[in-house]
Amino acid sequence: MEKKGLLNTREVAEFLNINEKMVYSLISEKGLPATKVTGKWLFPHHLVTQWLENETINYPRESAPLPPYHGLLIICGSNDLLLDKTISMFNRQYPEHAAVFGNMGSLGGIRALRRNLCHIASSHLLQEDGKDYNFGHAGEELRQLPAVVNFCQREQGLFIAKGNPKNILSVEDLGNKNIRIANRPIGTGTRLLLDGELQKKGMQGSGINGYDAEFQRHLDVGLEVLSGRVDAGPGIRAVAGLLDIDFLSIRWERFDLIIPKDRFFDKGIQLFMGLLHQPAFKELVRNLQGYALDHTGEMVFPQEG
């Protein structure tokens, strides 16, 4: 089947290799992503693919576990300016160790954790209830909840060209034909947030110019806006402040570090967690906008006390 933005009922049935009648059951019972336009169900292809991945329950067992910690701390997941600075701080402060980061998006980081490719996953995946973060996704992917430590809270929204020449005042304005955006990849918490906001407004990404133009980092999206190649794009306030472009806030979010319980007391992990309580860490945000450290270093799960 040729990949397309929206599938009709027959096409999604063919894609899932099921009877068309079963599609309606999946909508009501399993939350198959769908929208009703002019009385007919339509299914965003990328959301159906993501739903199918989330419904997978049998994963192959990994033949080789992550080796015992020997000085290399591997962090994978969501891209963040403060996390980059903290990794650099770790490498300066502990030269006998080395911390490296794999920019894979929140969902990619959790899946890397599942495949024993890293020690820590960084994630900010908003759950369907719109109130909590990461637990549902981690539970689905890892089959058991790991330790979850808050890294920071940060402000998410839209980068907008300086002076807001296209008068973008809400997510709805992204649907205007004279507006072009840059986007983040599927599997990132930022893309999930944008898709959720569009869904609230009854909008489809396929109707937005540039929706399929994906960039790996918040900074990359910000640079597209700064250059004038696009008018807007999703990202964090810290990047907007760094680039001196305008910013339209959507919400504050919780950005967490997810760690397997059996690796939590590895030396490198404990050294990294220890940084979060040092005054030097708090100095890292002095010139960065859109961060709050009120709960940094707190154990989100399991609950302390």
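Annotations for the structure displayed:
- Which numbered condition K261 misses (of (1) touching a strand residue (DSSP E or B) at 6+ places or on another chain (Cβ under 8 Å); (2) closer than 28 Å to K177 by Cβ; (3) modelled with pLDDT under 95): (2)
- Qualifying residue in the range 118-127 (condition: in contact with a His (Cβ under 9 Å, 6 or more places away or on another chain) and either modelled with pLDDT under 90 or aromatic (F, W, Y) (or both)): yes
- For first residues located in the range 23-47 and polar (S, T, N, Q), partners that are open to solvent by less than 30 Å² (accessible area, probe 1.4 Å) and lie 6+ apart or on another chain with Cβ distances below 8 Å form the pairs T35/F43; T35/P44.
- Selected residue (criterion: farthest from A121 (Cα to Cα)) from residues of the range 249-268 that are surrounded by fewer than 18 Cβ atoms within 10 Å (Cβ to Cβ) and not polar (S, T, N, Q): R251
- Apart from one condition, H70 fits all of (1) open to solvent by less than 40 Å² (accessible area, probe 1.4 Å); (2) at pLDDT 90 or above; (3) over 29 Å from D220 (Cβ atoms); the exception is (1).
- Here Y211 passes the criteria (1) within 30 Å of G175 (Cα to Cα); (2) not in a loop (DSSP other than H, G, I, E, B) except the one numbered (2).
- Test: G274 is open to solvent by less than 60 Å² (accessible area, probe 1.4 Å) and more than 16 Å from I87 (Cα to Cα): no
- Within the span defined as the range 167-179, every residue fails to be acidic (D, E), out of contact with any strand residue (DSSP E or B) (no Cβ under 9 Å at 6 or more places or on another chain) and open to solvent by less than 30 Å² (accessible area, probe 1.4 Å).
- The set of residues from the range 64-78 being in contact with a helix residue (DSSP H, G or I) (Cβ under 6 Å, 6 or more places away or on another chain) and not small (G, A, S) comprises Y69, L73, C76.
- Flag for R184 being among the basic types (K, R) and either modelled with pLDDT under 95 or over 22 Å from the mean Cα position of the chain (by Cα) (or both): no
- The set of residues from the range 183-208 being within 16 Å of E172 (Cβ to Cβ), part of a helix (DSSP H, G or I) and either aromatic (F, W, Y) or open to solvent by 20 Å² or more (accessible area, probe 1.4 Å) (or both) comprises D195, G196, E197, Q199, K200, S206, G207.
The values are calculated or read from the model by the stated rules, or taken from the named source; none is laboratory data. Just so we're clear, the structure is a prediction, and the values are computed from it rather than from any experiment. Cβ: placed from backbone, ideal geometry, glycine included. Neighbour counts: every protein chain shown. We work out accessible area using only protein heavy atoms, side chains counted, and drop any ligands, DNA or RNA first. Shrake-Rupley method; radii C 1.70, N 1.55, O 1.52, S 1.80 Å.
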